[in-house]
Amino acid sequence: MSFAAVEPSQALEFRVRGRVQGVGFRPTVWRMARELGLAGEVLNDGEGVLVRVGGAQSRIAALLRRIERDAPPLARIDSIERRRYSGRLPQEFRIAESIGGPARTQVAPDAALCGACAAELRDPDERRYRYPFTNCTHCGPRLSIVTAIPYDRATTTMSPFALCAACEAEYRNPNDRRFHAEAVACPSCGPNASLVAFGRAGAPRDGDAVKLAAGLIARGDIIAVKGLGGYHLACDAANPEAVARLRRLKRRDAKPFALMARDLDVIRRYCAIDAVEERELTSVKAPIVLLRATGPERLPEAVAPGLDTLGFMLPTTPLHLLLVDQFEHPLVTTSGNISDEPAVVDDTEAYRQLAEIASFALTHDRAIANRVDDSVVRVMGGRSRVLRRARGYAPAPLRLPSGFENAPDLLAMGGELKATFCLVKDGQAILSQHQGDLENAATLDDYEKNLALYRSLFDHAPSAIVVDRHPEYLSSKIGRAEAERRGAPLIEVQHHHAHVAACLAENGRPLDASPALGIVLDGLGFGDDGAIWGGEFLLADYLGYQRLARLKPVAMAGGAQAVREPWRNLYAHLKAVGGFDATPSASGDWSALNGKPLATIDRMIEQDFNSPVASSCGRLFDAVAAALGVCADRQAYEGEAAARLEALAAAAPNETRGYALRISESELIDIDAAPMWRAIFEDLRQGVSAQTIARRFHLGLAQSITEVAIRLAAARRFETVALSGGCFQNRLLFENVYDGLCEAGFTVLTHADAPANDGGLSLGQAAIGAAHLMR
Amino acid sequence: LSHGSGGRAMAQLIADIFHDAFDNDWLRRNDDQATLDAQEGRLVMTTDGYVVSPLFFPGGDIGSLSVHGTINDIAMAGATPKYLSASFIIEEGFALGDLKRIAQSMGDASRAAGVPIVTGDTKVVERGKADGVFISTAGVGVLPDGLSLSSDGARPGDAVLVSGSMGDHGVAIMSRRENLEFGVEILSDSAALHGLTAAMIGAAGGALRVMRDPTRGGLAAALNEIAHQSNVGFTINEELIPVKPQVAAACEFLGLDPLYVANEGKLMAICAPQATETLLNAMRAHPLGREAALIGHVVEDERNFVEMTTRFGGGRIVDWLSGEQLPRIC
Ligand SMILES: [Fe+3]
Ligand SMILES: [Mg+2]
Ligand SMILES: [Zn+2]
Ligand SMILES: [Zn+2]
């Protein structure tokens, strides 16, 4: 290679930041620069990618445009800084060796199979024909296989697989789409799939493991499938007997099963798909998308009992594609676990947990380093909202708003259920993938393991720890212990304040912006007065908040037991509106309460025995659901009653009237459901359908929320409203509140990239913590 | 009962109630102190205050409880309880009949246990300064040389045993206090455990590492405390933990976890693995240990977690509660 001095005035250096390593960025730049006849080099360093380029001004400008426009699919450019370059440049543009520096590079999220790899998979002339582990720089495993930094093959679970000559050549060739694809593999050097019998059947089966597995599924078997970030349990979704058996064996009574179909046409037979939903389904993130089940065909009710939505995803790995390709209809692909356990990632553990459920495992010899669950999104108000943020999303950083550029490194511990944690680093928030319920021992182990992993991946040393104020959250306890061990300051954040801050941060609301009205509707969070909150109107910025309104608090007889048994909330609500006998009825009219030991509940509430009061929106949903006989005795999973109530309401699309709620004149506004209960009682007596009642509840609640915001805005100066909390995963509630507030002239901030539920808490905690430290 | 005005006569009346109920050689001497014979081995001493509502509950009352509780604290050290003292704070206006009943119950409990109440004191305070009656009992026991049980003695691999069903006392108290009916009456398990512990020591000797009566905070608190003190963790199995069906049902209704509910006549023991069978058999041979069960093991865990395998085969962290059982569910 020849070196020639280039005029300094014609040479520039671009510093590209963002997710630009391990995603095929350098070869893309290399190809572009060569096509444009430019001299120079491209290299990785500790801060991202450096492009040094010399040549005609217009061609350099063209290169910059093309980099911005045609970056590889998995890349995300956060910024490009340009400056003059006075060093020497190679005449022939080259990819230079990486230079060291502090690790600030990013591990990319796992990405679904790309079109080029899918085409190879189906081409009998390709050497990777039907090879279940094909991938390239545009697709394949990332976070799920990484064990340390720097991200290269040696620090992934691909390290045991030595590249064959052919793969090595592709890996070294900048013109190949597998250039530096760390997980590159082929049938002669990479991992292999096998079909392993669980239980009595014994030895592995010979032949094409995928085809054998498909045959078993077709005959009604349940098969464990080792996926990208964890095992799935798969069965034929159109086979009611198989679905019912899976429910029974998995001990999952009612929670909807995720589905996988080979293409959009299959999904369209069951669901309507709009343009935004189609874009989500086919994106590299390939999440589960909750779709309206309004297609011409139906799946067995047991797939998603009582719901009007189905959660569909397209194949995310070649292994999945090969499998579902064999079917004209969808497969159930639910997480491989029992009941509330996290999805299994380890082969031995899979055998231990899943052998009683699945007859065989379609497995392979590439280890899953980190559990990364399937992500779940729902399109509401024309935008995709992430409900569970994991595969395809994490650990992509979210940029913090202006003012947070110099935020110190800190660690926010998140909540208890749907737990995530969040690192603040270089003005960015790195939100972990969904971890789950920390009271579950395996989940807690994972949470701690991932904390350690993220700290090493992002070279993170927190100067402060942020926790929820709840005294019993395990995340808070771990955080407190960690702060003590490090001698780092501990910042405690109120639950709903964190929700608001998450919404503000995700929407780029600057650090010094004036307070916005946060409307947070969720199940339960620990309030600053020691009571339980969950229907809150907080005028908030990152530093603090003022509680202006709330749902009127109602007792939860039996504490957490009231969450499991919605009838308790119905009774407590009726009692609160003036006593059960004061309602114009005998108890027989509320069939959900028939035969219930109400006298004992009375005493528990009156004597304040394990019956904390809660201003919870989730409990209000439970109470209304119980009134309509929905999950009255028990809900099988968190939010089941509310989800079913929404499905009922969606079935009465023509109803436009809502039940009024009473808004008090007090200093702290109480939103009182008393008038609603009387109206529901009247409607029930007149035989109004449950669908109509459910819809009137949704509409009335949304109208009251809007009304409260308007009333508050009249007295205080705010134009911006932020919506957060798990109740806003309800499309009907969300869209009505959103539209109502927009019509009233508010700027409405909503969640999209971070979950509205407690999965987004750690982001809000991080922002609040950073704001306090920079004060 | 009146305060102050009654003077000497009233004080004498109260003293007589206790003297009659507890009657023994030491009390008959009418001294301000008891003189006790010197003992072989090491002395073990404890003191405990009893504040219970209601004072009378199914299966016991504050009197028997104040005897059993203090005896059990001594017995958990592996010691033989020898003597008790008792001190009473009585609220003005407290019914004399109730006081007699409590005294009688204490005397009966002490005689049945073979541990005399050798000295005591009573005070009557103004109305509102106490809630009926408070009792303080202290106890002295003897620990033979060579035996050493303490909460930092649990070692990975050790077995964890309980002597019977969990949560009976707490549920009995709560259902009476809150006047909550559950169809079947649930009795407190209040009992003196020194006979059982003597049998256990006889059978397992030095293989016995820790004994603990899971009173306030229940089994969960006891395990978490020992986990920290011994710097270990526990794995226990929900299916193996005895809980009476009516207690489980009441807890489910009240939204309580029986593992966090108090016991007054049960113990938890940790022993070297090889002694498990012997110890279990010895416990089951005793009337207070008939339902003894192996519920789990000590494991190495620097986080000192108590992890429970649930009925569904999942794993749950049974954590230390800093307060009441506040819902964590979102
Ligand atoms: Fe929440
Ligand atoms: Mg004590
Ligand atoms: Zn690809
Ligand atoms: Zn190869």
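The values are calculated or read from the model by the stated rules, or taken from the named source; none is laboratory data. Note that the structure is a prediction, hence the values are computed from the model and not measured. Here Cβ is always computed from backbone atoms with ideal geometry, including for glycine, and neighbour counts include all displayed protein chains. Ligands, DNA and RNA are excluded from the accessible area calculation, which covers all protein heavy atoms including side chains. Shrake-Rupley method; radii C 1.70, N 1.55, O 1.52, S 1.80 Å.
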Boolean, A:I430 is assigned to a loop (DSSP other than H, G, I, E, B) and away from chain B (no Cβ under 14 Å): no
Determine whether B:L161 is touching a Gly at 6+ places or on another chain (Cβ under 6 Å) and either within 16 Å of ligand 1 (Cβ to nearest atom) or under 19 Å from B:N263 (Cβ atoms) (or both). no
It is to be established whether one or more residues within the stretch A:537-545 are more than 30 Å from A:P397 (Cβ to Cβ), modelled with pLDDT under 95, hydrophobic (A, V, I, L, M, F, W, C) and surrounded by 21 or more Cβ atoms within 10 Å (Cβ to Cβ). no
If we keep only residues of the stretch A:523-546 that are among the aliphatic types (A, V, I, L, M) and not in a strand (DSSP E or B), then the residue nearest to the other protein chains (Cβ to nearest Cβ) is A:A531
Check A:F161 against each of (1) under 23 Å from A:L121 (Cβ atoms); (2) in a helix (DSSP H, G or I); (3) open to solvent by 10 Å² or more (accessible area, probe 1.4 Å) and name the one condition it does not meet. (2)
The listed residue being touching a residue at least 12 places away in the same chain (Cβ under 8 Å), among the small types (G, A, S) and surrounded by fewer than 20 Cβ atoms within 10 Å (Cβ to Cβ), out of A:G415, A:G403, A:G436: A:G403
Taking the stretch B:156-176 as the search range and keeping residues that are hydrophobic (A, V, I, L, M, F, W, C) and open to solvent by 10 Å² or more (accessible area, probe 1.4 Å), which one is farthest from the chain's Cα centre (by Cα)? B:M174
Which listed residue is open to solvent by 10 Å² or more (accessible area, probe 1.4 Å), away from chain B (no Cβ under 14 Å) and not in a loop (DSSP other than H, G, I, E, B), from A:R603, A:R619, A:R550: A:R550
Here are some residues: A:A709, A:A771. Which one is in contact with an Asp or Glu (Cβ under 9 Å, 6 or more places away or on another chain) and open to solvent by less than 30 Å² (accessible area, probe 1.4 Å)? A:A771
Scan the stretch B:75-131 for residues that are within 25 Å of B:S148 (Cα to Cα) and part of a helix (DSSP H, G or I) and report the count. 2
For residues in the stretch B:192-205 being out of contact with any Ser or Thr (no Cβ under 8 Å at 6 or more places or on another chain) and outside any loop (DSSP other than H, G, I, E, B), which is surrounded by the fewest Cβ atoms within 10 Å (Cβ to Cβ)? B:G202
Report, ordered by the first and then the second residue, all pairs with beta carbons closer than 7 Å, sequence separation of six or more or different chains, a first member in the stretch B:223-246 that is closer than 14 Å to B:R316 by Cβ, and a second member that is part of a helix (DSSP H, G or I). B:G233/B:A227; B:F234/B:L223; B:F234/B:A227
Can you name the condition, by its number, that B:T235 falls short on among (1) among the β-branched types (V, I, T); (2) open to solvent by 10 Å² or more (accessible area, probe 1.4 Å); (3) out of contact with any His (no Cβ under 7 Å at 6 or more places or on another chain)? (3)
Let me confirm something: among B:G153, B:G146, B:G120, B:G128, which residue is under 30 Å from B:V210 (Cα atoms) and either open to solvent by less than 40 Å² (accessible area, probe 1.4 Å) or in contact with a strand residue (DSSP E or B) (Cβ under 9 Å, 6 or more places away or on another chain) (or both)? B:G153
Given the residues A:E41, A:E35, which is the only one that is surrounded by fewer than 16 Cβ atoms within 10 Å (Cβ to Cβ) and acidic (D, E)? A:E35
Of A:A108, A:A148, which residue is away from ligand 1 (no atom under 16 Å from the Cβ), part of a loop (DSSP other than H, G, I, E, B) and open to solvent by 20 Å² or more (accessible area, probe 1.4 Å)? A:A148
Given (1) more than 14 Å from chain B (Cβ to nearest Cβ); (2) outside any helix (DSSP H, G or I), identify the lone condition not met by A:A756. (1)
